[in-house]
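Please read the structure below before turning to the comments.
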């Protein structure tokens, strides 16, 4: 069953409300997973509704390229950002993607725009 306009508005409002809840701070993917389950649609569909672009387009490849261009290890990137190195690998292998705040931190760390990380061909 597809989503109607009412469902889409409801998803956006619910996402905004959940995102402002301290319980879900930094857990954008968890909120999207819950909404996908609730509306019985794929994760990518909810991600596209909320962010207006396909989840994990080339984010992983772009993050890996940015890291390798700077001769950094996943551990070095993780340490600089206060993350686990496994998280960096998870993102680089497109098993998930960073939320908006972490994307901004990554962009600042690498000295690029968020768009450069999320674009299809970087």
(request) Would you check which residues across segment 7-28 are surrounded by 17 or more Cβ atoms within 10 Å (Cβ to Cβ) and either at pLDDT below 80 or closer than 18 Å to residue 104 by Cα (or both) and list them? (result) 19, 28
(request) Find the residue count for segment 46-63, including only residues that are buried (at least 17 other Cβ atoms within 10 Å of the Cβ) and at pLDDT 80 or above. (result) 7
(request) Looking at (1) at pLDDT below 95; (2) touching a helix residue (DSSP H, G or I) at 6+ places or on another chain (Cβ under 9 Å), find the lone condition where residue 110 falls short. (result) (1)
(message) Taking the conditions exactly as written (surrounded by 18 or more Cβ atoms within 10 Å (Cβ to Cβ) and either in contact with a strand residue (DSSP E or B) (Cβ under 7 Å, 6 or more places away or on another chain) or not assigned by TED's automatic domain parsing to the domain that holds residue 13 (or both)), does residue 67 satisfy them or not?
(response) yes
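The values are calculated or read from the model by the stated rules, or taken from the named source; none is laboratory data. Quick caveat: nothing in here was measured; it's all calculated off a predicted structure. Glycine also receives a Cβ, built like all others from the backbone with ideal geometry; neighbour counts cover every protein chain displayed.
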